[in-house]
1. So what's the net charge close to B:N20: Lys and Arg +1, Asp and Glu -1, counting the other residues with Cβ under 13 Å from its Cβ?
2. Compute the accessible area per residue over the stretch B:92-149, keeping the other protein chains in place, probe 1.4 Å, unit Å².
3. Can you give the FRET efficiency for B:L142 and A:I107, using 1/(1 + (r/R0)^6), R0 = 51 Å, r = Cβ-Cβ distance, to the nearest 0.05?
4. State, to one decimal in nm², a quarter of the convex hull surface area for the C-alpha atoms of the stretch B:101-161, i.e. the direction-averaged projected area.
5. Mind checking how much accessible area B and A bury in total, 1.4 Å probe, in Å² rounded to 100?
6. Among B:279-288, B:242-251, how do they line up from the highest to the lowest mean number of other beta-carbon atoms within 10 Å?
7. Express the relative contact order of the stretch B:234-370 as a whole percentage, based on alpha carbon pairs under 8 Å and six or more residues apart in sequence.
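The values are calculated or read from the model by the stated rules, or taken from the named source; none is laboratory data. Just so you know, these numbers come straight off a predicted model, no measurement behind them. In this analysis, Cβ positions are derived from the backbone assuming ideal geometry, glycine residues included, and neighbour counts consider all displayed protein chains. Side chains included, ligands, DNA and RNA excluded: accessible areas come from the protein's heavy atoms. Shrake-Rupley method; radii C 1.70, N 1.55, O 1.52, S 1.80 Å.
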Amino acid sequence: MVALSAFALWQTAELPVGTLRHFGPGMLPRALVALVGVSGLLIATGGMLRHGEGIGRVSLRGMVFVLGGAVAFGLSVQPLGLVVAGPLVMLIVSAASAEQRWLDSLIFAALLSLFCLALFRFGLSQPIPVAPWLIGY
Amino acid sequence: MGDFIANLGLGFTTALSLSNLALCFTGCLIGTLVGVLPGIGPIATIAMLLPLTFKLDPTGALIMLAGIYYGAQYGGSTTAILANIPGEATSVVTTLDGHQMARNGRAGIALGIAALGSFFAGTVATMVIAALGVPLTQVALLFGPAEYAALMALGLTFSVVLARGSILKSLAMVFVGLLLSTIGADLETGQARLTLGLESLSDGVKFVVLAMGLFGFAEILRNLAQPESRDMINAPIGKLLPSWSELRQSFPAILRGTGLGAALGILPGNGAVLAPFASYALEKKVAADPTRFGKGAIEGVAGPESANNAGAQTAFIPLLTLGIPPNAVMALMVGAMTIHGIIPGPQVMTKRPDLFWGMIASMWIGNLMLLIINLPLIGLWVRLLKVPYRLMFPAIMLFCCIGVYSVNNSPGDVLMTAAFGLFGFGLFKLGFEPAPLVLAFVLGKLLEEKLRQALVLSRGSFTTFVEKPIAAGLLLIALVVLLVAIAPAVRRGREQAFKE
């Protein structure tokens with residue numbers, strides 16, 4: 001765990017330095033990258049010298065499903081519309097919790113999607129695609 | 001004085017219009033709702049509801065958003081007292097004595113004194129804003145680019161010092177935030193920087209995307225990673241109104257909390273978060289019998305609750321007078337104002353006095369509404385607290401996704417938010433505080449602009465920051481604050497303050 005935490009800290013230290021590739025005019029980004037790098041290195045050495053408590057168990061399940069749900073929404077909302085993307089995101093995200101009851105989730109997803117549809121599309125006339133493949137908008 | 005009354009008069013006529021009253025009420029209600037529900041903060045809510053305000057007029061939109069913000073401060077205390085979980089970051093301290101009071105069968109009184117204290121603090125804070133608004137705006141008009149840059153540096157220093165955890169880590173967060181803000185087209189030449197060749201990054205990272213990722217998505221991940229323990233009180237809530245002697249006991253605490261909160265809230269760099277902690281420590285120090293604290297002392301609820309409300313409101317001062325947001329919620333307010341074509345800063349008061357004073361008056365009205373709606377509605381909030389998180393978080397995710405999407409109708413934004421969610425969760429795991437990052441991100445563009453202007457005016461010489469007395473003074477304060485925070489004695493005290 002100590003090694004894991006140190007390694008992760010080291011990663012964050014190196015990450016911003018990696019984005020140095022592309023800076024354009026102005027010295028601010030360059031100066032900032034240097035500052036980020038230096039502070040990152042300081043933290044990393046600190047992390048390696050001291051024995052940290054480790055970062056604990058990372059629940060992959062939550063991460064995959066919650067972020068996966070958001071990605072699914074982003075990919076599906078324009079081609080398929082809110083009618084599909086709404087329940088989709090809720091069902092995928094629901095899977096993140098182990099104690100989920102599926103029937104509940106299904107009903108809840110359908111109802112809430114309808115509610116959002118009414119609120120955002122018709123109540124506030126936001127230009128969110130509803131179901132382009134079915135009704136054309 | 002005459003001006004003061006005339007200004008407030010204008011404010012109240014604006015705020016008392018039927019539509020603005022309705023918006024204020026809606027804002028307060030939504031704010032209390034998110035404040036009560038753990039796992040969804042005011043930042044995510046305001047970001048989510050930002051699209052809802054596109055169609056409103058700017059005054060109404062800001063009145064509603066402000067209502068959400070201080071409503072959340074109110075609602076957070078309900079959760080803290082009844083379920084022993086802070087609904088908001090600022091109500092952490094309330095769990096200590098508030099929940100103990102609830103266990104002793106005095107839940108109603110704890111809630112009542114929290115509401116009364118908050119109302120009193122809100123009233124005083126509103127007056128402070130109204131009184132300080134005009135002189136501070138005049139000061140702000142004297143500020144040139146060098147002074148602005150120095151002031152922002154001071155704000156960022158405060159955000160580092162006031163953040164929890166290691167100072168070095170917070171400092172690193174500020175640098176990362178500033179770096180993120182430089183992504184996108186260069187201010188003067190329009191050349192793309194740090195975009196990794198991605199088209200969608202050419203406008204820079206959008207604030208809603210960053211805030212929703214770091215505070216919305218990451219929060220959900222965090223809550224899922226830590227199985228929640230709700231220590232719900234099943235005992236009856238009991239009577240709400242404190243007795244005369246209880247009132248007399250807590251009134252000095254309310255007074256001190258309000259003063260502390262109002263003063264800390266003005267500090268750039270989110271002093272409001274510190275206010276309840278400071279107030280609790282103070283109450284413990286002045287109490288005749290400090291051992292009562294942690295066992296249900298009424299002053300331990302009254303003081304911090306007043307402090308957090310006062311701080312939440314005076315945080316508007318830097319935003320409204322200087323155009324500099326002191327914390328992430330205020331940064332979202334900047335976003336909302338810009339969407340409506342208003343540039344925050346000293347010119348708001350002269351160009352849109354109705355907006356400025358209307359918003360201030362609406363805060364007082366909102367506080368009154370909160371007092372009136374919250375106490376009778378406590379039963380409803382309690383029932384809401386029983387909604388299991390497994391049903392809540394998919395709903396929050398759906399709202400977040402729609403919210404992010406509809407700001408720009410861009411599906412790419414949703415994907416980027418997910419990436420920031422992952423980043424935010426990583427930061428949490430590694431013990432980094434996201435608040436300084438977000439503040440640095442918000443101030444970054446403005447800071448770069450002012451820095452460059454100042455350097456152009458001084459022909460590239462950094463001595464301009466030392467020669468101008470105001471700029472030099474501000475930078476000196478920033479330096480002293482940072483040094484003091486690093487000093488070992490204060491460091492120990494600071495750790496202790498956060499532990500309590």
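1. In short, -2.
2. Per-residue accessible area for the stretch B:92-149 comes out at 31 Å².
3. Approximately 0.25, to the nearest 0.05.
4. Projected area, direction-averaged: 6.5 nm².
5. The B and A chains share an interface burying roughly 5000 Å².
6. Order by mean packing, descending: B:279-288, B:242-251.
7. 24 percent.
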